[in-house]
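Below is one structure; the comments refer to it alone.
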Amino acid sequence: MSHTTYAVDIAKRIFQVHWVDAETGEMHSRPLRRGQVTGFFANRPASTIALEACGSGHYWARTLGALGHEVRLLHPKYIRPFVRTNKTDAADAEAIWTAAHQPGIRPVAVKSEEQQAMLGLHRMREQLVKFRTMQVNQVRGLLNEFGFVFRNGRRAGLAEIRAALAELEDRVPGVLMTSVHAQLARLEIIDRDVAAIERQMQSWQRRESDCQRLAAIPGIGPITATALVASIGNARAFRSGREFASFLGLVPRQSGTGGRVKLLGISKRGDGYLRKLLVHGARTVLFRSKTVSPWMSGLLKRRHRNVATVALANKMARIAWALMAHARSYRADWQLASAA
């Protein structure tokens, strides 16, 4: 019997399954309730199941893979061009089936429960940090309306605000100061929540050998290391460090015709969170490191600092891939040692 490929459009309650009979070529489309999905595929011979990498996609990939099927998660951007008519569940399932048969489409690596849990911590921390920044800026802006200006920086600014509370009580109306006190108390709670999440990340980093390898790279700390390991999983899913850097959007966009190719700014494709962490880490190394490598010194003479920062982030991503793919430890003199 020929191998059959099933395409499943994931939803909260009603799933749509599309497949083509391998013997007759007949197309089938069938809706399934959430509770029927596992039983439907448990009674089918081992086959390929294509899913869209959307909400709960990794959960269903693990569940269906445990039944003996080969599961392929596809990025939504590869599926959308194959929706031929109006967007419906049946049309989406058929588009997933069509995309699964296209050559050159690399599937998304299925994440484990532990990896998803760590990424969940990263998302919660990112939201708390964003909300904390909004709260601090709001307090600054409100007090600025009454003639108070404080130092730049979150910690320095909040320290000055707390030190000047007595003066603020005299010059700022009481109806506003009540809310300012509440905002400052809320910021302390957010700081404790962020610190608790970061302690969990550091604990996971100490248990994961890949995280320990990545944390040795200048510019990569516990937050970036855990995010990289949890997001990538198996580094062998990428053929090279260059492909991994391209996945993160740290390579130039290309535009050309007639054999002439122009290199533009970075593509900004892939995971924007990982790209942001790497760029911030590269900027820290570039502007705060006491020693700068000859490669970076030469680059700074030819290019703008922002260009050099992205180039260093690209290099960090490629080093991170090499350490994970080949289970090596970071060595600052790797090029000299390999040449010798």
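Bear in mind these aren't lab numbers, they're just calculated from the coordinates by the rules spelled out. Computed from a prediction, not measured in an experiment: that's the story for all the values here. Positions of Cβ are backbone-derived with ideal geometry, glycine not excepted, and every protein chain shown enters the neighbour counts.
Given points 7 Å out from each Cα along the Cα-Cβ axis, report the Gln102 to Lys301 separation in nanometres with one decimal.
Calculated label separation equals 4.6 nm.
So which aspartates and glutamates can Lys262 reach, going by Cα to Cα under 15 Å and dropping same-chain residues fewer than 8 places off?
none
With an 8 Å cut-off on Cα pairs and a minimum separation of 6 or more residues, tell me the relative contact order of the chain in percent.
Numbers: 405 pairs, mean separation 39.4, N = 340.
The normalised contact order for the chain reaches 12 percent.
How far is it, in nm, from the label point at Ala195 to the one at Ile14 when both lie 7 Å from their Cα along the line to the Cβ?
Spacing of the two 7 Å Cα→Cβ label points: 5.1 nm.
Need one number: nm distance between label points at Val175 and Ala216, each 7 Å from Cα along Cα→Cβ, rounded to one decimal.
The modelled label-to-label distance comes out at 6.2 nm.
Counting other C-beta atoms within 10 Å, which of Trp19, Trp295 has the fewest, and how do the rest follow? Write out the running numbers ahead of the final one.
On the way: Trp19 23, Trp295 13.
Listing Trp19, Trp295 from fewest to most nearby Cβ atoms yields Trp295, Trp19.
Rounded to the nearest 20 debye, what is the charge dipole size of the chain about its Cα centre when +1 sits on each Lys and Arg Cβ and -1 on each Asp and Glu Cβ?
Numbers: 51 positive and 26 negative charges, 281 e Å.
It works out to roughly 1360 debye.
Can you work out D for the stretch 219-339 in µm² s⁻¹ from Stokes-Einstein, where Rh is the Kirkwood radius over C-alpha pairs, the temperature is 10 °C and the viscosity is 1.306 mPa s? Walk me through the numbers before you get to the answer.
Numbers: Rh = 15.3 Å.
Estimated via Stokes-Einstein, D reaches 103 µm²/s.
For the stretch 178-255, state which chymotrypsin sites (Phe, Trp or Tyr not before Pro) are in a DSSP loop and have at most 11 other beta carbons lying within 10 Å of their beta carbon.
Numbers: sites: Trp204, Phe238, Phe244, Phe247; in loops: Phe238.
Loop-located and lightly packed - none at all.
Please compute the length gained on full extension between Tyr273 and Phe287, using 0.36 nm multiplied by the number of residues separating them and subtracting their Cα-Cα distance.
Full extension from Tyr273 to Phe287 adds 2.9 nm.
From largest to smallest, what semi-axes in whole angstrom does the stretch 113-207 give when each is the square root of 5 times an eigenvalue of its alpha carbon gyration tensor?
On the way: eigenvalues 225, 27, 23 Å².
Here the semi-axes work out to 34, 12, 11 Å.
Across every pair of different alpha-carbon atoms, what Kirkwood hydrodynamic radius in Å does the stretch 139-256 reach? If you can, show how the numbers build up before the last one.
Numbers: mean 1/r = 0.0545 Å⁻¹.
Computed over Cα pairs of the stretch 139-256, the Kirkwood hydrodynamic radius comes out at 18.4 Å.
Under the rule of -39500 (n - 2.57) per DSSP H run of 4 or more residues, summed and divided by the residues of the chain, what mean residue ellipticity at 222 nm is obtained, to the nearest 500 deg cm²/dmol?
Calculated at 222 nm, the ellipticity per residue is -18000 deg cm²/dmol.
Send over the semi-axes of the stretch 1-143's equivalent ellipsoid, whole angstrom and largest first, taken as the square roots of 5 times the C-alpha gyration tensor eigenvalues. Numbers along the way, then the final one.
Working: eigenvalues 273, 60, 38 Å².
Over the Cα atoms of the stretch 1-143, the semi-axes work out to 37, 17, 14 Å.
Restrict the search to the stretch 39-141; then list the trypsin sites (Lys or Arg not before Pro) that DSSP places in a loop and that have at most 13 other Cβ atoms within 10 Å of their Cβ.
Values: sites: Arg62, Arg72, Lys77, Arg84, Lys87, Lys111, Arg123, Arg125, Lys130, Arg132, Arg140; in loops: Arg84, Lys87, Lys111.
Those that pass, being in a loop and sparsely packed, are Arg84, Lys87.
Past the 21 Å Cα-Cα mark, which pairs from Lys87/Lys268; Lys111/Lys268; Lys268/Lys301; Lys77/Lys111; Lys12/Lys130?
Over 21 Å apart, Cα to Cα: Lys87/Lys268; Lys111/Lys268; Lys268/Lys301; Lys12/Lys130.
Do you know the relative contact order of the stretch 1-148, to the nearest whole percent, from alpha carbon pairs under 8 angstrom that are 6+ apart? Intermediate values should be presented prior to the final figure.
Values: 203 pairs, mean separation 30.9, N = 148.
Relative contact order, the stretch 1-148: 21 percent.
Quick one: length gained pulling Leu263 to Arg328 fully straight, 0.36 nm per residue minus the C-alpha distance?
Working: separation 65, 0.36 × 65 = 23.40 nm, distance 3.26 nm.
Gain on stretching Leu263 to Arg328: 20.1 nm.
As a test, work out the antiparallel percent of DSSP beta bridges whose residues both lie in the chain, rounded to the nearest 5.
Details: 17 of 26 bridges.
In the chain, DSSP labels about 65 percent of beta bridges as antiparallel.
Starting from a Cα-only point model with no solvent, please compute log10 I(q)/I(0) by Debye for the chain at q = 0.06, 0.12 1/Å.
The calculated log intensity ratios at q = 0.06, 0.12 Å⁻¹ are -0.33, -1.04.
Could you tell me what percent of the DSSP beta bridges with both partners in the stretch 5-102 are antiparallel, to the nearest 5?
Of those bridges, close to 55 percent are antiparallel.
Arg155 to Arg242: extension gain in nm, 0.36 nm per residue of separation minus the Cα-Cα distance?
Fully extending the segment from Arg155 to Arg242 adds 27.5 nm.
When only DSSP loop residues count, what trypsin sites (Lys or Arg not before Pro) in the stretch 243-340 have their Cβ near at most 15 other Cβ atoms within 10 Å?
Details: sites: Arg253, Arg260, Lys262, Lys268, Arg269, Arg275, Lys276, Arg283, Arg288, Lys290, Lys301, Arg302, Arg303, Arg305, Lys315, Arg318, Arg328, Arg331; in loops: Lys268, Arg269, Lys290, Arg303, Arg328, Arg331.
For trypsin sites (Lys or Arg not before Pro) across the stretch 243-340 that sit outside H, G, I, E and B with at most 15 neighbouring Cβ atoms in 10 Å, the list reads Lys268, Arg269, Lys290, Arg303, Arg328, Arg331.
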